[in-house]
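Presented below is the structure to which this report refers.
The values are calculated or read from the model by the stated rules, or taken from the named source; none is laboratory data. These numbers come from a predicted model, not from an experiment. Heads up, the Cβs are rebuilt from the backbone with ideal geometry, glycines too, and the neighbour counts pull from every protein chain shown. Areas reflect the complete protein model, heavy atoms only, side chains present, ligands, DNA and RNA absent. Shrake-Rupley method; radii C 1.70, N 1.55, O 1.52, S 1.80 Å.
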Amino acid sequence: MKLLKYSSITTLILVTVACQQVNTHSTLANQAENNLHNSSENINFLAFGDGGYSVDYPKKKHIENPLNKTQFIAKEKQDWLEDYRPITEFDHAPIHVYPESGIATEASGAIPVGQAMATLCKQRLCEFGIQLGDNIYPDGADADDGKDDQKRMDDLILGPLLPLFEQTPELVVYSALGNHDWKTSRKGIALQTEWMTKQKNFHMDKQGYYRYTKGEPGNEVEFFVLDTNMLLAGQTFYEVPLNPDGSEGKLDIALKAGTAELEVHEKHEGPQNNEDKIQLQWLKEGLANSTAKWKIVYGHHILWSIGGTKYSEGHVLRKLIMPTLCQYADAYIAGHEHDLELLTDDCSLYPESKSVEALPLIISGAASKMRGKHTPFANYQEKTYPQYELLWSKSFTWGFSHINIDNVNDQLNVEFFTTPRDGNGKLTSEYRHTFSRRIAKNVE
C-alpha cells in the first residue's frame, strides 16, 4: 500500500480549498447575527473530535483479514444485526477501496471536515478550537507498524487542518487525549504531547489534563480538559450487551450467561500513583475555585449517547464526574461516538447541582469517522431516564460544531455543521440551539 507524500497531501488540500464555495443550502447567520458573534464580549470556537483517521493508516484487521467491498458491506450488516439494530435503518460509511489490492475499508472524512471548518471560519469568528481526542488512529504514536511517528502526526493531526490554519493562521487547537491515543504506550502519549509543543497551532499539557482561560475579565470562560481514558482505566467494570429490544442488559444475568465482558485496559493505561484520583480532585477544586463567568469541561468519553455501544462507559463516567459538573459547570463536550448529538441531563440526581438549568452535553465526534444511531436503545433511554433528554442528533455523517458564548444575553449557542459523504468538503448548517447560562439557585 503506497502512502501519499506529505507535501502532496498539503498541495491537494490547499488547491481543493481554493476552489471551495460555500454550500448554497447552508443557513449561515445573517449580518445582525454575525455582528453579535463578532462582538468582543463574546467567545467563539470550534469543537471537533475523532479526526485522526486516514485510509493510509488502516487497522491491522483490514490488512490481515482483507475484505473486498461486497464482503465489507456484508460484515457491516452482520455487525448491525448482532447489535439488535433495525435492518430498515442499516447504513454504512463511504467505502475506500485500495486500487493495488482491492481491499476495502472505511473512507475518511478528515480532509473534507477540515475544508468545511475553513469555509465556516470565513463566515464566522473562530478564535480557537478544541480537539476531543482520538487524534491518532488506530493505535496512537509509538505503534509497532514500522511507520515514522513524525510523519504520522503530520498526516493525521496537522494535515486535515491545514485549510483551517491557512484561513486563520493564529488559531490554536487545545487538544484532549482519547482511547486510541492511549492505545500503544505511555511513550506514545509523550510523543504526541511533545509533537504539539513544536506546533504553533496546537496545545496539550504533558500530563494530559489541564485548564486555560479565554476572554476578558468578567466575560471569560475557563476550560477544564480531562483525560477521561485515565479516569476510566482506574475503574473496574463490565461491558454488558443490550437486550434484543434495545434495553440495557442486567449485569448479573450477563455474568451468568457469559456475555458480560470485563473492560480490560492495557497495563500502561492504568493510573500510576493515584493519578486518576488526583485528576478528579483537581477538577473539583479547580471548578469550585474558578472565578471565571463560564466554566466548560471537555474530554473524549461521553456521559450519555444514542450509539448503543458506549453506555457502560457512560454509567461509570457519570458516577465519577457528574456531581461535580452539575454543581459547577456550564457544559460538557465530548467525542468518542462518531456522530453529532446534543443532549441534556437535568442534574436532578445530584442535590449539589448549582442550577435549575439542565447541563448541556455536546457530542462532536464525527471529524473523520461516522457511526449509526441505535434507535431502540435511544428510545429505551428516553423512557427509562427522566433526567436525560436528547435534543437533536445526526448519525452516519461527517461534521463538527461551532460554539458561541454570548455574554450580552448570557447564552451558549451551539451549531452543528456537516459535510457531504462524497468528500467534496462543502459546508451544511444542520441545527442550532441556545442554552441559558446555568446560574446559582436562589437560596431562601
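Quick check on the stretch 105-237: take the gyration tensor over C-alpha atoms, sort the square-rooted eigenvalues as a ≥ b ≥ c, and tell me if it's rounded (a/c under 1.5), prolate or oblate.
oblate
Once the cut-off is 28 Å, how many percent of the Cα-Cα pairs in the stretch 167-309 end up in the long-distance tail?
34 percent
Could you give the dipole magnitude of the stretch 272-375 about its Cα centre, charging the beta-carbon of Lys and Arg +1 and that of Asp and Glu -1, in debye to the nearest 20?
Around 120 debye, computed over the stretch 272-375.
With charges set only on the Cβ (+1 for Lys and Arg, -1 for Asp and Glu), what does the dipole of the stretch 308-444 come to about its Cα centre, in debye to the nearest 20?
In debye, rounded to 20, the stretch 308-444 gives about 400.
Could you please state, rounded to a whole Å, how far the C-alpha centre of the stretch 106-131 is from the C-alpha centre of the stretch 384-422?
Cα centroid of the stretch 106-131 versus Cα centroid of the stretch 384-422: 15 Å apart.
With only Lys, Arg, Asp and Glu charged, each at its Cβ (+1 for the first two, -1 for the last two), find how big the charge dipole of the chain is about the Cα centre; round to the nearest 20 debye.
Roughly 420 debye for the chain.
Toward the positive end of the charge dipole of the chain, about the Cα centre and with charges on Cβ (Lys, Arg +1; Asp, Glu -1), which of 247, 299, 317 goes farthest?
299
Could you calculate the contour length gain from residue 148 to residue 250, that is, 0.36 nm times the residue separation minus the distance between their Cα atoms, to one decimal place in nm?
32.3 nm
Could you state how much accessible area residue 153 has, in square angstrom rounded to the nearest 10, with a 1.4 Å probe and all protein chains kept in place?
Spelled out: residue 153, probe radius 1.4 Å, area about 10 Å².
For the chain, which whole percent of the accessible surface, found with a 1.4 angstrom probe, sits on carbon and sulfur atoms?
For the chain, the apolar C and S fraction of the accessible surface comes to 49 percent.
Determine the per residue accessible area of the stretch 316-444 with all protein chains present and a 1.4 angstrom probe, expressed in square angstrom.
Averaged over the residues of the stretch 316-444, the accessible area is 35 Å².
Of 260, 364, 408, which is farthest on the positive side of the dipole of the chain, counting Cα position, with +1 on Lys and Arg Cβ, -1 on Asp and Glu Cβ, and the Cα centre as origin?
364
Can you tell me the length gained on complete extension of the stretch residue 409 to residue 261, counting 0.36 nm per residue apart and subtracting the Cα distance?
Gain on stretching residue 409 to residue 261: 48.5 nm.
Can you give the accessible area of residue 434, probe radius 1.4 Å, in Å² rounded to 10?
Its accessible surface works out to 60 Å², give or take rounding.
Name the residue, out of 401, 355, 305, whose mean-square fluctuation peaks in a Gaussian network model built on the chain with Cα pairs under 10 Å.
Per the Cα network of the chain with a 10 Å cutoff, 355 tops the list.
Label 7 Å along Cα→Cβ of residue 170; the stretch 96-131 residues with amide nitrogen under 18 Å?
Within reach of a label on residue 170: 121-130.
Sort 51-64, 270-283, 74-87 by packing, meaning the average of other beta carbons within 10 Å per residue, with the highest value first.
51-64, 270-283, 74-87
Treat the stretch 255-327 as a sphere of radius equal to its Kirkwood radius over Cα pairs and apply Stokes-Einstein at 37 °C in a medium of 0.692 mPa s; give the translational diffusion coefficient in µm²/s, rounded to a whole number.
So the translational diffusion coefficient is about 223 µm²/s.
How far is the Cα center of the stretch 348-381 from the Cα center of the stretch 221-297, in Å?
A separation of 15 Å, based on Cα centres.
Please compute the modelled spin-label separation between residue 430 and residue 73, points set 7 Å along Cα→Cβ, answer in nm with one decimal.
Here the modelled spin labels are 2.3 nm apart.
Which part of the stretch 221-244 falls in the paramagnetic zone of residue 309, meaning amide N under 17 Å from the point 7 Å along Cα-to-beta-carbon?
It comes to 239-243, nothing else.
Using mean Cβ contacts within 10 Å as the protection proxy, how do 172-182, 412-422 order, highest first?
With the highest mean Cβ count within 10 Å placed first, the list reads 172-182, 412-422.
Keeping every protein chain in place, order 339, 139 by accessible area at 1.4 Å, biggest value first, i.e. largest first.
Correct descending sequence by accessible area is 139, 339.
Compute the Cα gyration tensor for the stretch 340-444, then decide on rounded, prolate or oblate, letting a ≥ b ≥ c be the square roots of its eigenvalues: rounded whenever a/c is under 1.5, prolate when a/b is larger than b/c in the other cases, and oblate in all that remain.
Judged from the Cα gyration tensor, the stretch 340-444 comes out oblate (a/c at least 1.5, b/c at or above a/b).
What is the antiparallel percent of DSSP beta bridges lying wholly in the chain, to the nearest 5?
Within the chain, antiparallel bridges account for around 70 percent of the total.
For the stretch 102-250, what is the accessible area per residue in Å², given a 1.4 Å probe and the full set of protein chains?
Value returned for the stretch 102-250: 35 Å² of accessible area per residue.
Among 374, 212, 52, whose Cα projects farthest towards the positive end of the dipole of the chain, with charges put on the beta-carbon of Lys, Arg (+1) and Asp, Glu (-1)?
52
Using 0.36 nm per residue of separation minus the Cα-Cα distance, give me the extension gain between residue 207 and residue 356 in nm, one decimal.
Result for the pair: 50.2 nm of gain on full extension.
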